[in-house]
Structure formats: C-alpha cells, structure tokens
Amino acid sequence: MKSSLAPPLVSAALAADPNRRPRILLRSSWQMVNIGDIAHTPGVLALIEKHIPEADVILWASEDHSAEVAAMEQKRFPKLKIVKGQIDSKGKAANDALAEAIKWSEFLLHGSGPSLVAKKDVPSG
C-alpha cells in the first residue's frame, strides 16, 4: 500500500536541504496509565519507519513518560531520542534538550489525541 501522506512530508522536509535526512519532532506520549494511549507512540513511530524510512525522529514526550516506557520504545527504535519539557507563556522551552530538539526539527507531528492535546506547546497565528 502506498502512503498518500509520506511523500508530501518528505518533500517538504527535503526542500529545506536536499542533502539532509528529514527531521521530525513527534509530540506524543500523553498518558502512561492508559494502555491505548501508550500504544499510539510506538504505532506512529512504526508508521514513520515504514513510510518515511529516511526520516530521523525525536520524541517530545509528556512529563509522565517513564524510564520503563522509554526503555521499551528504545529497544524497538534504538535510534530514538526522547526529550521532555514544556513551552512557557513566552514561548521558551523549559530546558536545553527541548530547545535543541525544536531547533533541530523541520516538521512537528502532533500525536493522536481527542484534541490538540499539546495546544499550549504549539504556537498559533
């Protein structure tokens, strides 16, 4: 099955620099207590791996993302880097790792949820 979403994402990312791999910042991992929510992140990582294999991904996880969950994800996705933190009311990242991940990325992908779960982290306007 051919993906209708992957080619435009890759094309947009490659437009920035055709010699560089696409860089995706995945804002996901909302709740660790809900088995359905915890499955979304590895699911989307697997879809990216399958349909955009040339992409590099950093996971921007919520604060309750545990070391056990990170270990499980990194066992399956060994190149995955994980950052945490929030954006304050002035638009500043809470820590250097998050600030670097935002600067590094070319595309922000908001993971699934009942709404724009990380709305405060995604500027509008």
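The values are calculated or read from the model by the stated rules, or taken from the named source; none is laboratory data. All of these numbers come straight from a predicted model, not from anything done at the bench. When we count neighbours, we look across all protein chains shown, and the Cβ atoms used for this are built from the backbone with ideal geometry, even at glycine.
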- Message: Looking at segment 39-62, can you tell me whether even one residue there is within 16 Å of the chain's Cα centre (by Cα), basic (Lys, Arg), modelled with pLDDT of 90 or more and loosely packed, with under 11 Cβ neighbours inside 10 Å?
- Response: no
- All positions within segment 85-96 that are out of contact with any helix residue (DSSP H, G or I) (no Cβ under 7 Å at 6 or more places or on another chain) and either assigned to a strand (DSSP E or B) or of a type in the set (D, E, K, R) (or both): Asp88, Lys90, Lys92, Asp96
- Message: With at pLDDT below 95, under 13 Å from the mean Cα position of the chain (by Cα) and closer than 30 Å to Pro18 by Cα as the only criterion, which of Leu108, Leu98 stands out?
- Response: Leu108
- Query: Out of curiosity, is Leu26 touching a Gly at 6+ places or on another chain (Cβ under 9 Å) and either loosely packed, with under 12 Cβ neighbours inside 10 Å or assigned to a strand (DSSP E or B) (or both)?
  - Reply: yes
- Note on the structure: Taking segment 48-63 and keeping only residues that are part of a loop (DSSP other than H, G, I, E, B) and within 25 Å of Asn19 (Cβ to Cβ), one is left with Ile52, Pro53, Glu54, Ala55
